[in-house]
Every structure is written in C-alpha cells, then in structure tokens.
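The values are calculated or read from the model by the stated rules, or taken from the named source; none is laboratory data. A quick note: this is a predicted structure, and the numbers were derived from the prediction, not measured. Counting neighbours? That spans all protein chains shown, and the Cβs are built from the backbone with ideal geometry, glycine included. For the accessible areas, the whole protein counts, side chains as well, though only heavy atoms, and no ligand, DNA or RNA atoms are used. Shrake-Rupley method; radii C 1.70, N 1.55, O 1.52, S 1.80 Å.
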Protein chains: 2
Amino acid sequence: MELTAIRTPYLLLDRPRMLRNIHRLQARMDALGVVLRPHVKTAKSAPIAELMCKHPLGPITVSTIKEAEYFAEYGYRDILYAVGISPDKLEPLAALMHKGVKITVLLDSAAQAEAVLAANQKWNTGIRAAIELDCDGHRAGLVPGDPDILVIARQLHEGNALAGVLLHAGGSYHCETDAEKAAAAEAERQAAVSTAESIRAEGMQVSMVSVGSTPTAHYAENLEGVTEVRAGVYVFQDLVMAGIHVCALEDIAIGVVATVIGHRPDKGWILCDAGWMALSRDRGTAKQAVDQGYGVVTTLDGEVYPDLIVANTSQEHGVMMLREGSEAVLPDLPIGTKICVLPNHACATASQFEEYVVSDDRHTQATRWSRINGW
Amino acid sequence: MELTAIRTPYLLLDRPRMLRNIHRLQARMDALGVVLRPHVKTAKSAPIAELMCKHPLGPITVSTIKEAEYFAEYGYRDILYAVGISPDKLEPLAALMHKGVKITVLLDSAAQAEAVLAANQKWNTGIRAAIELDCDGHRAGLVPGDPDILVIARQLHEGNALAGVLLHAGGSYHCETDAEKAAAAEAERQAAVSTAESIRAEGMQVSMVSVGSTPTAHYAENLEGVTEVRAGVYVFQDLVMAGIHVCALEDIAIGVVATVIGHRPDKGWILCDAGWMALSRDRGTAKQAVDQGYGVVTTLDGEVYPDLIVANTSQEHGVMMLREGSEAVLPDLPIGTKICVLPNHACATASQFEEYVVSDDRHTQATRWSRINGW
C-alpha cells in the first residue's frame, strides 16, 4: 500500500533508521563489554523489542505492569519493573513469577522492602529488588552514602531478595556538550559502583549494578563495575535528543503523517490534521536552544522544510508556520498534501497511537506493528 | 469492587458529578430554546454520549473519522465532523452516508468545496458542508465579510451541498469574567447569524447556524438565529474551566487515581505512579492565574489537599508537592496511599485511557465504560 493512501494522522516508522539506531547503541555496549537491557516503554511493541534485544528474549526493562504482562506473554523471562514499587503491584508480579518470569522491582524505602518480603512470603515466590539511587536530584532514589541504603540492603539480603542497585541519570537530558554527557555517565557509574561496593563490603552479594539513560548510554566512556545499561528512546530518537546532539534529525525514526486541511495566508499558517491528540502535548524542546514547537515538519520522504514547525495545536488541528525570525519562504502545500512531523519526545508521541505503519522506503507500507498502551 | 483494590493508575468517573454537568448545560440550552449537539470528542464513549443527548441518538459532533464510524455503529444518524475536511476523509464518510448516516463536514476554501462535490458525484451521495467562520483569530475559518464566503456558499449551493455556517469561539477559553464570556458568546452568535443572513440574502438556504464552546455555551444570554450549540468538555469539566470560573473544582467529574510510591522529604516531594502517561502532558493552567502544574491532588473521596499539586512528571512518575509559597503542611501519605488527580484538560487526560471506572459513591466501582482513541 502507498503511504499516501493511508488515512491520516498515523504514526510512520522508518525501519532502516530504527535499525541504525539499534545497531549504533548495541555496538557501543559491545565495545564497552556490557549487557544492554532495553527499556521497552518507548516502543511497547513485541516486534520492536525483538530487534532491540541482542539475544532472543533477552533481559528487558518495563515501566508498567501491563508491559510486564504483555512481554511475558511473548516469552520474555527476565523483566525489570523500573518504577518504585507499591504494594498493589506485587500480586500481578507474583503471578508472573509463577509463570517462570524472573521479576526485579525497584525501591528506596524500608516500607517498600517490607512489602516485597511480605509478598514473597504470601505468594511463595522470589521477587527481587534493586535499591534506587539518585545522582542528580531529579526524581526518586537514595543519595549514595545515605545510611538507609545499607539498612534496606540488609533487610532485602536477609529475605533473599537483594538484586543490587540501580540509577537513572535523568539530568543528562539537559547536557548539551559531549563532555557534559560523558561526565553525567561517569557520575552515574560511580554512584552505582561505589554503592554496590559499600554493600558488598558488608558481606552481601550485589549481582545487579544497573545504570542508564539514552544520553549517558551513548556517551559513557567506561562502564567498569556496571552489569547492565538501560535505555529506551534511542530506538526511535527524537527532537529532544537531537537538541542535545545525541542524534541528528535524520536519525529520528518515527513521525506523524498528516494532511494539509487549510490555510490562513493572513497569518502565515498552514493547518494540518495532526493536533495534540496525535503529536502529544509534549513540549520538551521548549527550554532547549531551539524551540521546535510541537514538531519539525518534513516531507513524507523525510526532507526537512526549512524552519517549518507545528507552532500550535488544538485537539485535531496543527498550525504549521515558519519559526520566528526565519527568512525562509512558507512552502506551497495545497489542501490534501501529506507531510510528516518529527516528535519532540518519541515516548509521548508514540503513546498516542495503537500501531506503527512500518516502511522501508518511505513510499510504501511494509507492515503494521501493534503496540500497547494503558496499565 | 472497592476502588482501592483497582490497579493504578486508572481513570475514575464520578457519575453524579457528570450528570450534574450534563443537566446544567441542557437546562440552559432548553431555556434559550436551542438544540445542543454534544461534542463527543471529550468522552469518546457510547454510554456517555447517550447521557449527553437529550433525545436518543440525537445529533452529535465528532473530531475524527473513527469517532464517526464508532458512533454510527451505535446508531447515531446525524453526525457533524467538525475539523476542516481533506479529500482523503471523504471516502469513509461517503460509506457512512450509504449506511443511512447524515454527514456534515466543515470547510473554508473553494478547493475543499470542490472535493466535497466531486466525492458526492463519485460515490453518488449527499455529504453537506458548513462554512467555517472565525471570530477570534485562533484557528481556521473565514472572517465574516470575506467575499470568499459567498463564493463558496454559491459553489456548495449549486451542488446541493450547502448546510450552513459554523464557528467555535476558542478565544473564550481565556475569558476570566462572566461578562467577557457572555461577550464572547454574543460575538460568536453575531458572526454566525449575520453571515447566515448574508448568504440567505443571495437566495440560498442556510439550515445550520452552529456555534459553541464550553465557556460560551454556559454564558450565552441570547441565541436568536442560532440553530444549534456544540460543546464537549462540559461533560467532565476540568481545571482549565475551573480557572476561568466556568465550574468549581467540585464539578470536575474525572480524576486519575494513583498510588504513593515514594518520598523525598529533603525536597518536600511525594511520588506517585501517575506520570505524564496517565495525566497527559497538558499544562493548560500554566498561563492562568493559578498554575495547577499537572493537576490538583485530592483524596479518593474528592476532598482537595490544600495546595498539593503534581508539580512535575516523568513517564510513569508524578512528583507531588505544595504549591510555591504555600503555608500548608505536606500531608502524611504513606507508601500505598491512593490519591486522585484532577485533570488540567479533560479531553487530553481521558485520551490516555481505554476505559472509565465509573463510581456513584467514590468507594465502589459501579461499572466500567470503554472509550475509543485513534483515528
């Protein structure tokens, strides 16, 4: 089927670009000698996870119980649920353990550790937990050196539930230079490895030393002591990543294909049928050096229209216009023209859709891949 | 089932609040003697549309072809697709016409009118079109008095496809006082009615004079000459509407129920498992007098925690904290506590979910209603 014949808006996946992104990060991990545990929350799709895993059904990271259940159905047997555990999530995870899935959860308090141990006892299972650390103050986790870390480690260790330590350098999303990203990766590594060592020094076994974010994964120079790296958005890349030079615009593998539905020449606007419902409300580039509005506009072939962005949206309307101060000429895009909008944030934009229209040549549809949403 | 036993995050629908919202607007429309054509894009759910329609299967407004197809399956026979039409959408709409559905589309250019007439000829059907007008420069539409209006009206009239005129005073979302909202409603009415009259003066029949937005629908004082009013968000209301005093916080009928998953006492943070994936990235209150972050936090019963908002989010994490400058005390919410987050924008938050958990008492689930997403 021709891409121009598909009802818009839809989510186009440029398979060659995605494969290039996957190979790029895997090659880097191989060179550094560390296991990649892909985060499947970006794509939420079995055929894509299959391509992200170096070994079939390799270890994966999930962000919801529904993802854990979905990927377990597809045969994945080593799943890390990387959001602080709450007691209500333990019953469905115990059910997955009973199906043969090794589940690791995340926590940063004694109350959560107690809940995990109680669940293991109640459902006669062996969910293990990693202690979440924080190296840049952006979200959850204990700061390395916090005495609670050893208390919780001991509690888990005595219940045979200590997996190790984990952190996510979310602050790296604001690192513009290569040196800053490499420094963030090294800070992430040091926090994880030094904490793992301090736990080992107390005679406890730490098998998981898990770090990762797309920027630090691409710029880490040394991963000594780290047992695995997690990353998700690298599979598609996006404008936020391009804005901090982790990728180029030509690496972004997904885009929302839309149709021109109107013009306001008096205002310099071209309207399309991709509003925030299709593009998402994510404005992740708003605080970057170049604000990309709701996305950069390209041809269906992927060629960028100079300075043309989706500047404003309502539910099913996108308002395209030239970036402020641009000297480019507004392109002539008659009613019915198909365009493609690159996403600010791949996870957010992809989540607005139920499937990927996969293409190898940006002219015809090769296949469609479904994805899940919800919890 | 107890609401506390349901896996979070989920979308809670407080049915009594919703019914109150529906009755409030319907009573107003009845008093003004005008038909309400509910916009079903907010709820996208057949059982909710049923409650929004005064007469069974009454006229509705949709924002996507998928909504048109879904509601046609449920028996709706008078559907207005209120997004500027593009040629690719006409084939599926013609298919609905052949099933007995009366379809009206929207346009503001001769090229679109030509496409509608060509489609009617090609598929031997009678899709009609309303001409979109603009009274506040916020999106699509022709400005009243633009000579193109009569040209397009003539073109449609000669093809037996002229329905009438339509506008949406989107600018009313920024009207804080009652007087401003009433003035926006009157401007909307005048633009529609005067344009309809100018078309009638040329000997053409105008049967549809359609106006509407949730703020103007609630504050219109006179709807003479208007044949129908459209509104959607009124069914649930939200923080944006509360911020411009269209409703109170106690009227907001949906909320995202979440579980406390962590604490950062050093930062004054309480973490929950509703991130932007559940709450949406909508920051509609950011430019209002009171910025509500990603949402106002209440108990499961609906009681507001003073000054507690979701100040920050990542994909599956919400960071709750007291509003800046607040003198309230951070509530003690242990791991596992259930809270409810009121949405900035009901359409955006609801679209992150596949179903509504419906409750009459905010303690037990009465039923679940599915909703659609996608195109």
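Taking A:A179, A:A231, A:A43 as the candidate residues, the one with maximal mean-square fluctuation in a Gaussian network model of chain A, Cα springs under 10 Å, is A:A179.
Quick one: work out the % antiparallel among DSSP beta bridges in chain A, nearest 5. If I count the DSSP bridges inside chain A, around 55 percent turn out antiparallel.
Excluding ligands, DNA and RNA, what is the accessible area buried between chains B and A, summed over both sides, using a 1.4 Å probe, to the nearest 100 Å²? Mind showing how you got there, number by number?
Values: alone 15650 and 15640 Å², together 26660 Å².
Counting protein atoms only, the buried area is about 4600 Å².
Relative to the other identical copies, A:Q26 shows label-point distances of 5.8 nm, where the label point lies 7 Å from Cα along the Cβ direction and values run shortest first. Between identical copies, the spacing of B:S370 label points, each set 7 Å from Cα toward the C-beta atom, reads 1.1 nm from nearest to farthest. For a Förster distance of 56 Å, can you work out the FRET efficiency between the beta-carbons of A:E158 and A:S370, rounded to the nearest 0.05? E between A:E158 and A:S370, to the nearest 0.05, is 0.80. Net charge in the neighbourhood of B:R283 (other residues with Cβ under 12 Å of its Cβ; Lys, Arg +1, Asp, Glu -1) is +1.
Taken residue by residue and averaged, Cβ atoms of other chains lying within 10 Å of the Cβ of A:138-148 number 3.
Look at the dipole of the protein assembly as shown built from charges on Cβ: of A:I6, B:T195, B:V260, the Cα furthest out on the positive end belongs to A:I6. Ranked from shortest, the separations from the 7 Å Cα-to-Cβ label point of B:G268 to its equivalents in the other copies are 4.1 nm.
Bridge orientation summary for the protein assembly as shown: considering DSSP beta bridges with both residues in this region, about 55 percent are antiparallel.
Please compute, for peptide A:274-280, the average count of beta-carbon atoms on other protein chains lying within 10 Å of each residue's beta-carbon. Don't skip to the end; give the middle numbers.
Numbers: counts 1, 3, 7, 9, 3, 0, 7.
What the average comes to for A:274-280 is 4.
Net length available on complete extension from B:V151 to B:L57 is 30.4 nm, with 0.36 nm assigned per residue and the Cα-Cα distance removed.
Taking the Cβ of A:P47 as the centre, find all other residues whose Cβ is under 12 Å away and add up their charges (Lys, Arg: +1; Asp, Glu: -1). Write out the running numbers ahead of the final one.
Working: positive: A:R15, A:K44, A:R368, A:R371; negative: A:E50, A:E355.
Within the 12 Å Cβ shell, the charges total +2.
Of the cross-linked pairs A:K287/B:K66; B:K99/B:K181; A:K44/B:K99; A:K66/A:K122, which ones have a Cα-Cα span greater than 29 Å in the structure shown? Mind dumping the intermediate values first?
Numbers: A:K287/B:K66 35 Å; B:K99/B:K181 40 Å; A:K44/B:K99 36 Å; A:K66/A:K122 22 Å.
Correct reply: A:K287/B:K66; B:K99/B:K181; A:K44/B:K99.
Scaling against 2.2 N^0.38 Å puts the C-alpha radius of gyration of segment B:63-149 at 1.11. At a 1.4 Å probe, which residues in segment A:1-44 are at least 10 Å² less accessible with all protein chains present than in their chain isolated? Residues shielded by partner chains are A:R7, A:T8, A:P9, A:K41, A:K44. Distance between the pseudo-spin-label points of B:H98 and A:T177 (7 Å out from Cα toward the beta carbon): 6.5 nm.
Could you give the length gained by full extension between A:A289 and A:E197, i.e. 0.36 nm per residue of separation minus their alpha carbon distance, to one decimal place?
Values: separation 92, 0.36 × 92 = 33.12 nm, distance 3.92 nm.
The span from A:A289 to A:E197 would gain 29.2 nm if fully extended.
Would you mind classifying segment B:1-73 by shape? Square roots of the alpha carbon gyration tensor eigenvalues, ordered a ≥ b ≥ c; an a/c under 1.5 is rounded, otherwise it is prolate if a/b is larger than b/c and oblate if not. Because a/c hits 1.5 or more and a/b fails to exceed b/c, segment B:1-73 counts as oblate.
Accessible surface of chain B, 1.4 Å probe: 52 percent of it comes from carbon and sulfur atoms.
For segment A:39-231, what is the convex hull volume of the alpha-carbon atoms per residue, in Å³?
Hull volume normalised by residue count: 110 Å³.
In the complete set of protein chains, residue-level accessible area for A:H157 is approximately 60 Å², probe 1.4 angstrom. With viscosity 0.692 mPa s and temperature 37 °C, the Kirkwood radius over alpha carbon pairs of chain A converts through Stokes-Einstein to a diffusion coefficient of 151 µm²/s.
By accessible area of protein heavy atoms, probe 1.4 Å, what ranking do B:Y74, B:Y356 get, highest first?
Result of the area sort, largest leading: B:Y74, B:Y356.
Nearest to the axis that brings chain A onto chain B is this chain A residue, judged by its Cβ, with the distance in whole Å: A:R281, 2. Comparing B:P56, A:A161, A:A248 along the charge dipole axis of the protein assembly as shown, the residue lying farthest to the positive side is B:P56, per the Cβ-charge model. Calculated accessible area for segment B:88-163 comes out at 41 Å² per residue, all protein chains present (probe 1.4 Å; ligands, DNA, RNA ignored).
Note on B:84-92: average number of Cβ atoms from other chains within 10 Å of each residue's Cβ is 6.
Looking only at segment A:39-231, where both bridge partners belong to it, what percent of the DSSP beta bridges are antiparallel (to the nearest 5)? Before the final figure, lay out each step's value.
Details: 0 of 22 bridges.
Given both bridge residues lie in segment A:39-231, the antiparallel proportion sits at roughly 0 percent.
In a Debye calculation with equal point scatterers on the alpha-carbon sites of the protein assembly as shown and no solvent, what is log10 I(q)/I(0) at q = 0.06 Å⁻¹? Evaluating at q = 0.06 Å⁻¹ gives log10 I(q)/I(0) of -0.37.
Place a label point 7 angstrom from the Cα of A:E91 along the Cα-to-Cβ direction, then list the residues of segment B:1-26 whose backbone nitrogen is under 18 Å away. Of the residues in segment B:1-26, B:1-11 have backbone N under 18 Å from the label point off A:E91. If a spin label sat at a point 7 angstrom from the Cα of B:K267 along the line to its beta carbon, the backbone N atoms of segment B:278-322 nearer than 14 Å would be those of B:310-322.
Please give the net charge around B:K267, taking every other residue with its beta carbon less than 14 angstrom from that of B:K267, where Lys and Arg add +1 and Asp and Glu add -1.
Numbers: positive: A:R139, B:R264; negative: A:D108, A:D134, A:D136, A:D146, B:D266, B:E324.
Charge balance near B:K267 sits at -4.
Between the alpha-carbon centres of segment B:197-229 and segment A:81-108 there is a gap of 56 Å. Which of the three applies to segment B:107-158, rounded, prolate or oblate, going by the alpha-carbon gyration tensor with a ≥ b ≥ c and a/c under 1.5 meaning rounded? Prolate is the answer for segment B:107-158, as a/c is 1.5 or above and a/b outweighs b/c.
For B:S370, the solvent-accessible surface computed with a 1.4 Å probe is close to 70 Å², ligands and nucleic acids excluded.
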